[in-house]
Amino acid sequence: MTESKREERAILVKMEDVHLAFGQTQVLKGIDLEVRKGDAVSIIGPSGSGKSTILRCINGLVTPQRGSITVGQTAVHELKSEAERIPLRKRIGIVFQQYNLFPHLSVLENIVIAPVRIQGVGRPEAERHARELLARVRLSDKEHAYPGELSGGQQQRVAIARALAMRPELVLFDEVTSALDPETVGEVLAVIRELVADGLTSILVTHEMRFAEEISDEVLFTEGGRIVERGSPASLFHNSSNPRIHSFINGLGSGAKTRESAL
Amino acid sequence: MLNILTFSRVPSLASSTVLPVLGGIAVAGLLWSFFEPESAATLLVWTPYLARGFAMNILISICAIALGSLVGLILGALELSPRALIRFPALVYVQIFRNAPHLVLIFATTYIFPFEILVAGLRIPFPDWIKATIGLAIPASAHIAEIVRGAVQSIPTAQWEAAAGMGFSRSQTLRWIILPQCIKRVLPPWMNLYASISMGTALASLVGVNELLHAATDASTAVQRTDFTVAVYLTVLVWFFVYCYPVARFTQNLERRFAVR
Amino acid sequence: MLDSILAGFVTYTKSLGFNFGFLTSVYERTIWIDGISMTLILIAVTIPVSLVGGGLLAAALTSGRKYLSVPARVFVELTRNTPTLVQLMCAFLVVNMLISKALGGAQYNPFSPFFWVVAVVGLHIAAFHAEALRAGIESVPSATLEAARAIGFNRLQILWFVEFPLALRAALPAIVNNLVNLAKLTTVGSAIAVGEVTYASIMIWSQRDNVIELMIVILLLFSLINLLIARTGRWLENKLKVPGLGI
């Protein structure tokens, strides 16, 4: 949410008519999406509506059967092999629901392994940056701890720092608070809120409605593999004529409220 | 084990892909020997001799596992004894002979035991193959003692109490609750041990027992032809494989079936 | 000094009914001590061979590429289900003989019996390591692998930085057990005249008829070696232990 007008910023991610099936199951049935530099775009919708799959298409973890995806100048749908997708993944950070930290590496090692091993950044420089990021996620005292010793919220903040360590153009957040205890949700959301305020381009799949409303430039509502409605948070949450959205938001409303109170 | 969910990402190479390839190798080996028709014919001539040798391997392996199981069962019980004076010697025996190379024990029994025993004035011959059997039965008994001890100790005492609470008598508990679980735990390692002993029987050739490897050496020395030497040793390899591989696969299936948690 | 200590030992054990007389003969003593050192050298050289081989085989088995995994699987099954001694004979009497022939005579063949024992025993145990490592690699959660892919690791980097470190910790007990078997298996070297401790002992006891005495020493030697291997394994397990990682 930078000062410049949204329409003036360059388009970073563009998906057009993306279709994807796992075996017989159609997961995405024509997704169109645009994310501009500095945007925070939230994807909401019932489970199984393909939200997480959209994120995995963008960094090439899954490959759609039809449609085009571009990230900056890269045509993701044209990358044929795992090796060709690696340069793309270096530019995109992803934070998972289950954190997926490397359990045998300390917090600091988890953060520096990608810059050191993949980007060839010098170790002192990588560690300096990692400590900066740990301070940002307020875990400076945990650099020598192992993931198994941390709470879910702490692990998720390490995972965010790990994603940021590669200085990505874009960060994907995949239901990053869904697996957390209600008490630790707040600390993770606070970190993301700051990052977005600093101008990080991000796409978030989330069930935290209040949070999505607060930080997003645009909110997409998905159902059954399609984006059924999109718009500014205000229009989607308050002026939508779609009864499905109402019932979805109200159904989650109570849960979202109790979580928000933990902030 | 990793205390996390297991995902099988890599499709396990089922026997459907492995067996044909192995079969292919065996057939290729045989075909190769058929290119030298004379060599194949010679191999055919020697086959009964080799088969007699292999029968000796099977005989030794069965006797050794039987003897080893019997002694191992007793040792395992002794290891669980509350009396240190009984437990300690059993533990020492198991520790020493589990760590002992099979070959060394076969040499030991062959050289230490006499070639005949005097029983009540009767001279009973003590052939080398029985000595080799004992040499293999000794480490087998040590391994079985450990298997038995591990199996019994793995059954929580709470199960005895639970069964008693349900009205089972002590012998009914043993019959219906404890033993079935012990057998599940004992059977796979016992079969692995049997496969290992079967392969160990080849060591008996080094003390002059006329088993398969020994027979192959006899044949190769008698024929004195390079192509035949290659063929006869490959035959030994294939025969052992054909005998041991099904045991290993069966054990794997058992392990998988028993691994219900 | 040494001679008088040995003589004292020989006299003392003689009073217990043991015949350790060979220790006073410099010739036999040398054979025997050389045998013990040869056993230790064999074990020390074969262990790294088995570990490297096991790692490569496990990598091939889990590569997901048929042209790597099928040959590796065939090798593993073949070597696990045939006697080591038969493999050694096939290697030494067949392969080595064919190499000698191809090179125009045994004197031009660079491969010694020592080489064949290290190669056969090392690769035999490597097959067992590979199975243990494969199980460990396959139990790495797919979510962890997805994270590694998302960071931009390629297949080999994932194997080296994520899968192997995790698999090694899970497989370590099995690997230590395999190394104990490796130590015992080096005795098959005596079959092709590698002068390790069994071979040296046979030479001595066929002269002196003191099988039981030498046998006790051999058993103690292997108990000691295997205790050392097991201890080292446990030390390594503790060293590699990661707080909070339930293995």
**OP:** May I ask you to order A:159-165, C:111-117 by the average number of other C-beta atoms within 10 Å around their residues, highest value first?
**Re:** A:159-165, C:111-117
Original post:
Using a probe of 1.4 angstrom, how much of the accessible area of chain B is carbon and sulfur, in percent?
Top reply: 70
Subject >> Whole-Å distance, taken between Cα centres, linking the range B:187-254 and the range A:21-62 >> reply: 58
Original post:
Under a plain spin-label model, where a point goes 7 Å from the Cα along Cα-to-Cβ, how far apart in nm are B:Q95 and C:L236?
Top reply: 2.3
Subject >> Accessible area of chain C divided out per residue, in Å², using a probe of 1.4 angstrom >> reply: 43
Original post:
Tell me, what is the per residue accessible area of chain A in Å², probe radius 1.4 Å?
Top reply: 41
**OP:** Ignoring ligands, DNA and RNA and using a 1.4 Å probe, state the total buried accessible area between C and A in Å², rounded to the nearest 100.
**Re:** 2000
Original post:
Cα gyration tensor of the protein assembly as shown, axes a ≥ b ≥ c as square roots of the eigenvalues: rounded (a/c below 1.5), prolate (a/b > b/c) or oblate?
Top reply: prolate
Original post:
Just how many pairs of Lys in chain A have C-alpha atoms closer than 24 Å, counting pairs that are eight or more places apart or on different chains?
Top reply: 15
Original post:
For the range B:66-212, with every protein chain kept in place, what is the accessible area per residue (1.4 Å probe, Å²)?
Top reply: 50
**OP:** Evaluate E = 1/(1 + (r/R0)^6) for A:A83 and C:D34, where r is the Cβ-Cβ distance and R0 equals 56 Å; express this FRET efficiency to the nearest 0.05.
**Re:** 0.60
Original post:
Whose amide H sits under 5 Å from the amide H of A:I227, counting only residues 5 or more places off or on another chain, with H placed in the peptide plane?
Top reply: A:D32
**OP:** Measure off 7 Å from each Cα along the Cα-to-Cβ vector at A:S47 and B:A51, then give the distance between these two points in nanometres to one decimal.
**Re:** 6.4
**OP:** Calculate, for A:K29 and A:R123, the FRET efficiency according to 1/(1 + (r/R0)^6) with r their C-beta to C-beta distance and R0 51 Å; round to the nearest 0.05.
**Re:** 0.65
Subject >> Förster-model FRET efficiency, 45 Å R0, B:F168 and C:A174, C-beta, rounded to 0.05 >> reply: 0.75
Original post:
Label points 7 Å out from Cα along the Cβ direction at A:A179 and A:S235: separation in nm?
Top reply: 3.6
**OP:** Would you mind pulling out the separation of the Cα centroids of the range C:64-86 and the range B:101-157, in Å?
**Re:** 32
Subject >> the protein assembly as shown: antiparallel DSSP beta bridges as a percent of all, rounded to 5 >> reply: 60
Original post:
By how many nm would the segment from B:R225 to B:A84 lengthen if fully extended, with 0.36 nm per residue of separation less the alpha-carbon distance?
Top reply: 44.7 nm
Subject >> Fraction of accessible area attributable to carbon and sulfur, the range C:28-238 (%, probe 1.4 Å) >> reply: 70
**OP:** Using only Cα atoms, tell me the angle between helix B:179-200 and the longest principal axis of chain B; keep it within 0 to 90° and round to the nearest 10.
**Re:** 20
Subject >> Shielding score for C:130-143, defined as the mean number of other chain Cβ atoms within 10 Å >> reply: 4
Original post:
If you build a Gaussian network model of chain A, linking Cα atoms that sit under 10 Å apart, which residue out of A:L180, A:L88, A:L61 swings the most?
Top reply: A:L61
Original post:
Karplus couplings for the range C:5-15 from phi (6.51 cos²θ - 1.76 cosθ + 1.60, θ = phi - 60°), rounded to Hz, Gly and Pro as x?
Top reply: 4, 4, 4, x, 4, 4, 5, 4, 5, 5, 5
Subject >> Stretchable slack from C:Y108 to C:F9, in nm (0.36 nm times residue separation minus alpha-carbon distance) >> reply: 31.0 nm
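The values are calculated or read from the model by the stated rules, or taken from the named source; none is laboratory data. Since the model is a prediction, treat every value here as computed from it, not as a measurement. Heads up, the Cβs are rebuilt from the backbone with ideal geometry, glycines too, and the neighbour counts pull from every protein chain shown. Areas reflect the complete protein model, heavy atoms only, side chains present, ligands, DNA and RNA absent. Shrake-Rupley method; radii C 1.70, N 1.55, O 1.52, S 1.80 Å.
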